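The values are calculated or read from the model by the stated rules, or taken from the named source; none is laboratory data. This one's a predicted model, so the numbers in the text were calculated from it and none came from an experiment. For neighbour counting, all protein chains shown are included, and Cβ atoms are generated from backbone atoms with ideal geometry for every residue, glycine included. Accessible surface is based on the protein model in full, side chains and every heavy atom, while ligands, DNA and RNA are left aside. Shrake-Rupley method; radii C 1.70, N 1.55, O 1.52, S 1.80 Å.
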Amino acid sequence: MKPKVLVTREVFDETLEYLGAHCQFESNQEDVPLEPGELARRLADKDGVMCCLPDRVDATLLAGSPHLKVVANIAVGYNNVDLAACTARGIMVTNTPGVLDDSTADLAWTLMLGAARRLTELERRVRNGEWTGWCLKQWLGVDVHHATLGIFGMGRIGQAIAKRAGGFDMKVIYHNRNRVAPDIERRLNAAFVSKEELLRRADFVVLQMPYSPETHHMIGAAELKQMKPSAILINSTRGGVVDDAALIAALKGGVIRAAGLDVFENEPRLNPKFLELDNVVLSPHVGSSTEATRRAMAMTAAKNLVAALTGATPPNLLNPDARRR
Ligand code: DGY
């Protein structure tokens, strides 16, 4: 008998074809988010689940899913999954690293350039008919080229963001839990600095560290005050690393110049005060959302899932201890 699998959201045809060759799958192709009760009901007899960021996989859900052997998250981040609870039950958890680095870095850069040149604000003005002609001092932005880029989180995506800075003649500084290897620093022309120095020196502060209890509200009122009044904050990682209420106050009060945000606290119900501000560029958590990358993420998750259910070690296993139980 093939193992039983739940796919919690709509995926691509080739993903389902691949799954179908190895599993009996039930897929929520209507793409309506499953409420916790419905998710629990559908998971009760399943051996594996392919899920996404909006699905909370916690101890309560696991308690009602006695056959579950693998949780294959279609994302590189996995803060929606209680990893410790899965490990305790011998349930493998996997993610999709690598395939989304460049697309996510591109989006971080889109936000940087957009916020620096006020692109979404100016587009609104053009559409509203406010553009009556060319003026020398009209809607001035700031330069990205030759500015200082400060990156929090120098993993694969942080490095892809830094790599792009070379083409803009930027100075790159970074802060990370651990300093990266000297050859990577050399290749990226990036200097390790303290959190305080990064906040004080950077013209663009980009957040690309994982979300965890340690990084919750890592950027709040105190940190925003340490930044230059001309600085621009980019959050392309997870809502929750920034205290959004404090950021709104800082953007309103001129504590920093602008922000570019792809992620928010309490997504998708972002703080409505963001919508009143011209100096913030907003996008709806689409860092990895290109056709090629989302296809690759779904297939990576499917391969992780099938490996786990056929006795192999999934390529992106996050909790090897689960296999030893
Ligand atoms: C991830 O992979 O963690 C992204 O945020 C999902 O787009």
What area, in nm² and to one decimal, does the C-alpha convex hull of the chain cast on average over all directions? 18.5 nm²
What residues qualify as long-range amide H neighbours of G239, i.e. H under 5 Å apart, gap of 5 or more or another chain, H built at 1.01 Å from N? F264
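Would you mind telling me the share, in percent, of accessible area of the range 101-282 contributed by carbon and sulfur at probe 1.4 angstrom?
Details: 4900 of 9170 Å².
Carbon and sulfur together cover 53 percent of it.
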Highest-first arrangement of 218-228, 310-320, 132-142, where packing means the average Cβ count within 10 Å: 218-228, 310-320, 132-142
What are the GluC sites (Glu not before Pro) within the range 1-58 that DSSP puts in a loop, where the Cβ has at most 16 other Cβ atoms within 10 Å? E10, E30
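Rounded to the nearest 0.05, what FRET efficiency do T313 and F168 give with R0 = 45 Å and r taken as the Cβ-Cβ distance? Could you check? Could the numbers behind the result be given before it?
Details: r = 41 Å, r/R0 = 0.91.
Calculated transfer efficiency: 0.65.
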Scaled radius of gyration (Cα, divided by 2.2 N^0.38 Å) that the range 1-52 gives: 1.07
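So, with +1 on the Cβ of K and R and -1 on the Cβ of D and E, and no other charges, what is the size of the charge dipole of the range 169-325 about its Cα centre, to the nearest 20 debye?
Working: 21 positive and 17 negative charges, 99 e Å.
So the dipole magnitude of the range 169-325 works out to roughly 480 debye.
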Virtual spin-label span in nm between R42 and D183, 7 Å along Cα→Cβ: 4.5 nm
Alpha-carbon centroids, the range 261-301 and the range 30-78: separation in whole Å: 22 Å
Once you treat every alpha carbon in the range 251-325 as an equal point and sum by Debye, what is log10 I(q)/I(0) at q = 0.13, 0.15, 0.16 Å⁻¹? -0.64, -0.72, -0.75
Can you find, among G129, S65, M218, the residue farthest towards the positive end of the dipole of the chain? Put +1 on the C-beta of Lys and Arg, -1 on that of Asp and Glu. M218
Which three extents, in angstrom, do the Cα atoms of the range 168-325 have along their principal axes, listed largest first? 57, 41, 32
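Count the net charge of all other residues whose Cβ sits under 10 Å from the Cβ of F192, scoring Lys and Arg as +1 and Asp and Glu as -1. Mind dumping the intermediate values first?
On the way: positive: R179; negative: E185, E197.
Surrounding charge for F192 is -1.
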Among R124, R179, R156, residue whose mean-square fluctuation peaks in a GNM of the chain (springs only between Cα atoms under 10 Å): R124
Cα-centred dipole magnitude for the range 194-284, charges only on beta-carbon of K, R (+1) and D, E (-1), debye, nearest 20: 220 debye
Gyration tensor verdict on the range 186-225 (Cα atoms; rounded if a/c is under 1.5, prolate if a/b is larger than b/c, oblate otherwise): oblate
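When ligands, DNA and RNA are left out and all protein chains stay put, how many square angstrom of accessible area per residue does the chain have with a 1.4 Å probe?
On the way: 15700 Å² over 325 residues.
It amounts to 48 Å² per residue over the chain.
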The long-range amide H neighbours of V76, using H built 1.01 Å from N in the peptide plane and a cut-off of under 5 Å, are T96
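What number, rounded to the nearest 500 deg cm²/dmol, is the helix-based mean residue ellipticity at 222 nm of the chain, given -39500 (n - 2.57) per DSSP H run of at least four residues and division by all its residues?
After summing the helix terms and dividing by the residues of the chain, the value is -10000 deg cm²/dmol.
Counting pairs of alpha carbon atoms under 8 Å apart in space and at least six apart in sequence, what relative contact order in percent does the range 101-282 give? The partial results should precede the final answer.
Details: 334 pairs, mean separation 39.5, N = 182.
This gives 22 percent for the range 101-282.
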Tell me the net charge near G158. Cut-off is 14 Å between Cβ atoms, G158 excluded, with +1 for each Lys or Arg and -1 for each Asp or Glu. +3
